[in-house]
1. Using only the alpha carbons of chain A, determine the length spanned along each of the three principal axes and report them from longest to shortest in whole angstroms.
2. Among residues other than residue C:295 whose Cβ falls under 13 Å from its Cβ, what is the net charge (Lys/Arg +1, Asp/Glu -1)?
3. How much of the pair distance distribution for segment A:75-219 lies past 26 Å, counting alpha-carbon pairs only, in percent?
4. Quickly estimate the mean residue ellipticity at 222 nm for chain B, helices only: each DSSP H run with n ≥ 4 gives -39500 (n - 2.57), and the total goes over all residues, rounded to 500.
5. Residues of segment A:223-265 with the amide nitrogen closer than 12 Å to a label point 7 Å from the Cα of residue B:171, along Cα-to-Cβ, please.
6. Using the Kirkwood radius over C-alpha pairs as Rh, can you work out the diffusion coefficient of chain B via Stokes-Einstein at 25 °C, viscosity 0.890 mPa s, in µm² per second?
7. Which is the longest run of chain B containing none of the chymotrypsin sites (Phe, Trp or Tyr not before Pro) found in DSSP loop states (not H, G, I, E, B) with at most 13 other C-beta atoms within 10 Å?
8. For segment C:14-40, list residues with backbone N below 20 Å from a point placed 7 Å from the Cα of residue C:286 toward its Cβ?
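The values are calculated or read from the model by the stated rules, or taken from the named source; none is laboratory data. Nothing here was measured: the structure is a model prediction, and the numbers come from that model. All Cβ positions, even for glycine, are placed from backbone atoms using ideal geometry, and neighbour counts span all protein chains on display. These area figures cover heavy atoms from the full protein model, side chains too; ligands, DNA and RNA do not enter into them. Shrake-Rupley method; radii C 1.70, N 1.55, O 1.52, S 1.80 Å.
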Amino acid sequence: MKTLRRLARDRALVTGMVIVSLLVLAAIFATPLSNFPGHVTGFDPAFRLKPPGEVFWLGTDRMGADLYSRLLFGARLTILISISATAVAVLIGVPMGLVAGYFDRWYSDLLMRVSDVFLAVPQIVLAIAIAQTLGPAIQNVILALSATYWPFWARIVYAETRSLRNEVFIEAAIAMGASPLRVMVLHVLPSIASSIIVRTTIGMGATILAAASLGFLGLGAPPPTPEWGRMIAESREFLPQAWWYATAPGIAILLVVMGFNLLGDGLRDAIDPRIRRGS
Amino acid sequence: MRLLALALRRFLWMPPTLLGLTLIVFSVSHIIPADPARVLAGENAPVEQVEALRRKYGLDKPLPEQFVRYVTDVVGGNMGQSLYTQRQVASDLVERLPATFELALFAITLAVLVGLPLGVVSALYRNTWLDHAVRLVTIAGLAMAAFWLAILLQLLFSMQWNLTPVQGRIDGWGPDPITGFYTVDALIRGDFATLATSLRYLFLPMITLAIPAMATIVRFTRAGVLNVMNSNFVFYQAAMGLPRRVVIWKYILRAALIGTLTQIGLVFGNLLAGAVVVETVFSWPGLGTYAYNSILQSDYNAIMGFTLFTGAVFIGMNLLVDIAQAVLDPRSR
Amino acid sequence: MAPDLLSVRDLTVGFATENGIARVLDHVSFAMRPGEIMGLVGESGCGKTTLARAILGVLPESAGIDSGAITFGTTNLLGADTQAIRGRDITFIPQDPFGSFSPLFTVGDQMAELMRWKSPERAAGERGYKRERRRNDAARIIAALKAVQLPDAERLLRKYPHELSGGQRQRVMIAMALLPEPRLVIADEPTTALDVTIQAQILKLLRELATERGASVLFTTHDLGTAWEICDRITVMYAGQEAETAEVADFFSRPRHPYTAMLLASLPTQGSALKGIPGDVPSPFTPPPGCRFHPRCPRASEICRASHNETAEPAPGHHVRCHHPHLWPAA
Ligand SMILES: Nc1ncnc2c1ncn2[C@@H]1O[C@H](COP(=O)(O)OP(=O)(O)OP(=O)(O)O)[C@@H](O)[C@H]1O
Ligand code: SF4
Ligand SMILES: [Mg+2]
């Protein structure tokens, strides 16, 4: 209860939580919330490039589709991409870090060296190369992102597992004859769960940004998918007249990424009081 | 002496890391696609052309052999031919490097010049409205999509207010290269008109790239300063009544900056990555635009070359940062 | 009798924490005479460091002074900015001689920095750093290092703190504390971070040098034995209050406060094991009413539980804060 109350006092955390919840709600209820749910990918020359107004709250795009509705369905896509990409990255990175950190054999070093090599190139550059090879499709974006982002989890899990190795409760579990798998899953993993959660929250923001960049570069889902990054790319032809066209998806990206970052920062401060702000 | 050993050790790690990177790029280009020769030739190429390419590049050989050949080629500076420019990818990249470096250097300089003081001030006045404002700006700066910011700035500064050129790097062809940095070349020649023009072109892309970099620097500097402020030596100096400004600007800052410095290597790498989209928006003729065009043309060798090249620059940057940190921190000497 | 060098009256300090206000010092009073070595003794957490920081005027931000007065000579240390006094008239020897140096500057740089601002030759508000004073200060630094038995000063000054041993670093700290020719040195457990063998040497050295130079030392420790070796007078603290202040001889032979008596009785003597004092130190958030020691005191009575115990002076120079002190015939 006390922890909960403290969390509620943290303005950054609450703001992050609200934004992320709104995103999730928008994604789930995209159909009832949107004004023209059936017309997200349609072509309606009569309504091309209308400025924001009473009918089209955020204006329309070059196809005459309602931007507000497209944003809502884009939220669905954003959530889908970032959750699956992060989930796959977690599923690769966490076991890898666990194994490398728990055992002290030749492959521990090797695994970490491999993750170092992946970290030696900016993530988005590698993701571009992979996505380009695979071709523009949603599942390829997910693959490219998870293939480049997993080392972050491997690194953090490795470091934390290493420092846990010498803790009494781990050694006790080993002495009691628990198998390595049991120790890792039942003892190590719960102790480092909070770090993983924080890293994952911030990682969600990072993958959303990266996915938007891929979309902007034309490596994301093909048109007319309402992908936020691609929407911004499409808008460039119609500037400066159709200023709303680029504005709305950009703000959506900004808010959502900010939401995840705030949430991650807030969680970290709450979990690790040593680095609590202002103390 | 310890310093030399450290530099050497770090240096020796470079080749294996680069080799690993080459393996990754090789896997992406040779193993993932079902038919690399088809990818290389382009989707609409006739079958004979595909087969010719396959033989020419040894794509019919076993994979390990291909990898050895790939590494030998890359080490010899051969990253294959660009489909689009019909030139060696390596020479394309080298030619475009100065434009990107000039932009990145301007951006990182701006980011450091603004970010460092902001981070320090934010820490010194923590939990005041000033601190809150700075932190809000940094949080937004880190969450903004660079390409969107670029378009927004373009919309306002170039299209709305006509203050800066919409895109490009210079009017006309630009000065004959000495260093390849237009600003520096113009300065060397004493050609201030060209200098002014190139600065006007630089302005928006520089700001776009600098903002997320600045946000990162502010965050790390602020955290570093707060951390040092809590250290025992700062307490001792306060207890001994040393003037606060001496403690802050000499002792706290120096200690906090070493931490920030390690970040600058990372930030610079992200700048190069950000350049891909930002250069695209501003048609800045650097590596980023090259990468974007290669994507549009499905210019395979060019993309892989760009990836390797960026990785190598990134690794080199981190090596420099490690050494610089060792030089600055007497404990690691 | 000479006027007091330092007098602390009814000092009350609280820390704002997540769980409320922790009253860490509660109406603390004691005084120091010029030239004396005073030991401030008490268990961990009784408030010694907080008291030292309050005197220096460098309490953490979360601390607030609720009442009381600290007077140094004729100066009121509360209220005024003590930056000019700190490091000049009152200097400080920290507990952690490693962390108290900046790792990025040489020992010489840091000693020179201190002298740039706190040299006895520096006039108040002096700007710049003239060549002549710089030269004199450098000579003073060398002499001070010799005095703390650090030979080869020139070489040492060029080293970084991490290249020195713990004992060397603490000797440098002592040299730095004495260089400004202060009237009072506050040493907060200056030797706890060191080997036992070196502790004694360093403390003797501190005592000798301070006495030679006529500086007083307020010396914090939780070890009665060390206090007995180097102090002229001792103040015992319990849970944020001073319990008893007396000359060393008096203190050990005629303890008046029950807590002191129990502490002395619990000292390990040959052949007998160490006996602790039963019970726990009270929480600074909810101290017991009346005397803070009453839950553990064998002499406690109704009045101890009900009313605050004031400090009295039953014999000249012997202060005790207790409703029922042990009584001793005059010496
Ligand atoms: N910054 C702070 N915030 C809250 N409480 C504090 C703070 N600093 C000290 N305290 C509390 O004040 C009390 C006295 O602390 P202090 O450090 O003065 O004790 P001490 O006698 O010096 O102990 P030690 O012998 O361990 O150094 C302790 O209960 C401690 O928990
Ligand atoms: S006042 Fe009472 S309880 Fe406190 S020490 Fe004296 S006798 Fe004991
Ligand atoms: Mg203490």
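1. 75, 48, 32
2. Details: positive: C:292, C:296, C:299, C:305; negative: C:280.
Its environment carries a net charge of +3.
3. Details: 3187 of 10440 pairs.
Tail of the P(r) past 26 Å holds 31 percent of the pairs.
4. Numbers: 13 runs with 236 residues, N = 333.
Helix-only estimate at 222 nm: -24000 deg cm²/dmol.
5. none
6. Values: Rh = 22.6 Å.
Taking Rh from Cα pairs, D becomes 108 µm²/s.
7. Working: sites that count: B:125, B:161, B:173.
The longest such stretch corresponds to B:174-333.
8. Counting only backbone N, you get C:14-26.
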